[in-house]
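Take a look at the structure below.
The values are calculated or read from the model by the stated rules, or taken from the named source; none is laboratory data. The shown structure was predicted, so the numbers you read here are calculated from the model rather than taken from an experiment. Note that each Cβ is placed from the backbone with ideal geometry, even for glycine, and that neighbours are counted across all protein chains shown.
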């Protein structure tokens, strides 16, 4: 692929494109991990948020509020510089980036899913209880199938946020598209000036994000869920 | 090893001064960019809603492009790409202001557009029936209702965007994050420094929220609320 790009675009441009595209895979991996991890933790937080126990509910609300209010940049600085210095131990940028993006994603996803679950009328819960079903049985058989419809579009929409968020991980030394691109923009090579490299990077990010945005919009129309959840993750 | 030494930050007058200046610059740049962005967003939303032939398409492309690329790439392009391309040189904060305003405008435009689409047709028809001219109709009837109805969304979007503005430190603006990175480089107390920064960001966000809520009550007192 490297040779092909060099053949098509010439020396500096082809090499740069190849490096940018191969760095993009780390952006994708990090996004996928953050989405999966965030989904897992976010799911647990959602469960705690709607559970019958007051303390669990309080804790979940606190968690969501806290990590929605903390800037992602600060999470990255804290996990990439703060905690390692405090413990006196080096931490791999992968771990730090994964940890901060996972926490970030979990708070937003939990908020989206809480909104979706609470948008289901409480009569559905009561009906389940009247039938003698338990909490998890009601959740699995009655609530989740309905809430899924509402939650799907904003969840897909939030993945765009995660991809855009990974662009900040270069600050703690993570080697992704942003990091490589910035290095090319700073390199004194003709044909890789900032006004060429940065639009190219923007195009690559756009190519990753735009289909997801469109898909989220399509789901909204298809499932008829426009404006049903609070726009926690519309940004 | 595991000890917190916050006093290393607050006993130093220079550090405190830098933090204060950082807060000021972060807040003023964000607010200015938001106001400018809002005005641009109004234009974008109106053009798109009225289906002006070429402009509507351009505005859609612009909004989608900004919303689907990271702020940091946009800022780098505005700060390092554009000046080289067009041969101008601005102070750092000028680049940050332009970059943030462009970014904010796209997000606000999307919200305003949904507000414009949701306005009841009867309102416009009533205004037409009263013989109001087009611009009067927009300024007196349409705009106030649209802004009032999307105000909560605009508020939360603004807070969300404010929390992302720390990246302007990466293009050399001495904002709050920049002050934090500076203090970190002098003291090596990274954890304490960034905890302090986080608290400051949260405090500013809460202040913004309170102010915007008060403005909502004041300017849109006529709005029907649930």
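Go over the candidates B:130, B:116 one by one and state the one that is more than 26 Å from residue A:169 (Cα to Cα) and in contact (Cβ under 8 Å) with a residue 60 or more places away in the chain. Break it down stepwise before answering.
On the way: B:130 fails: in contact (Cβ under 8 Å) with a residue 60 or more places away in the chain.
It is B:116.
Has the range A:82-92 got at least one residue that is buried (at least 22 other Cβ atoms within 10 Å of the Cβ) and out of contact with any strand residue (DSSP E or B) (no Cβ under 9 Å at 6 or more places or on another chain)? Step through it out loud before you land on a result.
Residues of the range A:82-92 that are buried (at least 22 other Cβ atoms within 10 Å of the Cβ), as a first pass: A:82.
Next, only the ones that are out of contact with any strand residue (DSSP E or B) (no Cβ under 9 Å at 6 or more places or on another chain) stay: A:82.
Scanning the range A:82-92 turns up at least one residue that is buried (at least 22 other Cβ atoms within 10 Å of the Cβ) and out of contact with any strand residue (DSSP E or B) (no Cβ under 9 Å at 6 or more places or on another chain).
If you go through the range A:132-149 one residue at a time, how many are touching a residue at least 60 places away in the same chain (Cβ under 8 Å) and surrounded by fewer than 12 Cβ atoms within 10 Å (Cβ to Cβ)?
Total satisfying the criteria: 0.
Which of the residues belonging to the range A:188-214 are more than 12 Å from chain B (Cβ to nearest Cβ) and either within 17 Å of residue B:61 (Cα to Cα) or touching a helix residue (DSSP H, G or I) at 6+ places or on another chain (Cβ under 7 Å) (or both)? Let's see the steps before the verdict.
Here is the first cut: in the range A:188-214, the residues more than 12 Å from chain B (Cβ to nearest Cβ) are A:188-191.
The answer is A:189, A:190, A:191.
Quick one: would you say residue A:41 is at pLDDT 95 or above and either out of contact with any helix residue (DSSP H, G or I) (no Cβ under 6 Å at 6 or more places or on another chain) or under 30 Å from residue A:197 (Cβ atoms) (or both)? Full working, then the answer.
Working: at pLDDT 95 or above: yes; either out of contact with any helix residue (DSSP H, G or I) (no Cβ under 6 Å at 6 or more places or on another chain) or under 30 Å from residue A:197 (Cβ atoms) (or both): no.
Answer is no for this residue.
Residue B:69 passes all but one of (1) in contact with a helix residue (DSSP H, G or I) (Cβ under 6 Å, 6 or more places away or on another chain); (2) in a helix (DSSP H, G or I); which number fails?
Residue B:69 satisfies every listed condition except (2).
Given the criteria in contact (Cβ under 8 Å) with a residue 24 or more places away in the chain, within 14 Å of the chain's Cα centre (by Cα) and crowded, with 21+ Cβ neighbours inside 10 Å, does residue B:59 qualify? If you could, list the steps in order and put the result at the bottom.
Values: in contact (Cβ under 8 Å) with a residue 24 or more places away in the chain: yes; within 14 Å of the chain's Cα centre (by Cα): no; crowded, with 21+ Cβ neighbours inside 10 Å: yes.
Considered against the rule, which asks whether it is in contact (Cβ under 8 Å) with a residue 24 or more places away in the chain, within 14 Å of the chain's Cα centre (by Cα) and crowded, with 21+ Cβ neighbours inside 10 Å, residue B:59 comes out as no.
State all residues of the range A:156-195 that are crowded, with 20+ Cβ neighbours inside 10 Å and free of Cβ contacts under 8 Å to residues at least 60 places away in the same chain; if no residue qualifies, say none.
A:160, A:164, A:170, A:182, A:185, A:194
Within the range A:49-57, is there a residue that is surrounded by fewer than 16 Cβ atoms within 10 Å (Cβ to Cβ) and touching a residue at least 60 places away in the same chain (Cβ under 8 Å)?
Residues of the range A:49-57 that are surrounded by fewer than 16 Cβ atoms within 10 Å (Cβ to Cβ), as a first pass: A:51-57.
Still in the running and touching a residue at least 60 places away in the same chain (Cβ under 8 Å): A:51-52.
Looking for residues that are surrounded by fewer than 16 Cβ atoms within 10 Å (Cβ to Cβ) and touching a residue at least 60 places away in the same chain (Cβ under 8 Å), one finds at least one in the range A:49-57, hence yes.
Mind counting the residues in the range B:3-21 that are farther than 23 Å from residue A:88 by Cα and either surrounded by fewer than 14 Cβ atoms within 10 Å (Cβ to Cβ) or modelled with pLDDT under 85 (or both)? Working first, answer last.
Residues of the range B:3-21 farther than 23 Å from residue A:88 by Cα: B:11-21.
Next cut, either surrounded by fewer than 14 Cβ atoms within 10 Å (Cβ to Cβ) or modelled with pLDDT under 85 (or both) only: B:11-14, B:17, B:20.
Total meeting the criteria: 6.
Consider the range A:99-131. How many of its residues are crowded, with 20+ Cβ neighbours inside 10 Å and within 27 Å of residue B:167 (Cβ to Cβ)?
Qualifying residue count for the region: 13.
Of these, A:44, A:109, which one is farther than 30 Å from residue B:184 by Cβ, in contact (Cβ under 8 Å) with a residue 40 or more places away in the chain and within 20 Å of the chain's Cα centre (by Cα)? Steps first, answer last, please.
Details: A:44 fails: in contact (Cβ under 8 Å) with a residue 40 or more places away in the chain.
Among A:44, A:109, only A:109 is farther than 30 Å from residue B:184 by Cβ, in contact (Cβ under 8 Å) with a residue 40 or more places away in the chain and within 20 Å of the chain's Cα centre (by Cα).
Could you grab me the full set of residues in the range B:91-127 that are outside any helix (DSSP H, G or I) and modelled with pLDDT of 90 or more?
The first filter runs over the range B:91-127 and keeps only residues outside any helix (DSSP H, G or I), leaving B:91, B:119-120.
Scanning the range B:91-127 gives a single hit, B:91.
Given (1) touching a residue at least 12 places away in the same chain (Cβ under 8 Å); (2) surrounded by fewer than 16 Cβ atoms within 10 Å (Cβ to Cβ), where does residue B:66 come up short, assuming only one miss?
It is condition (2) that residue B:66 fails.
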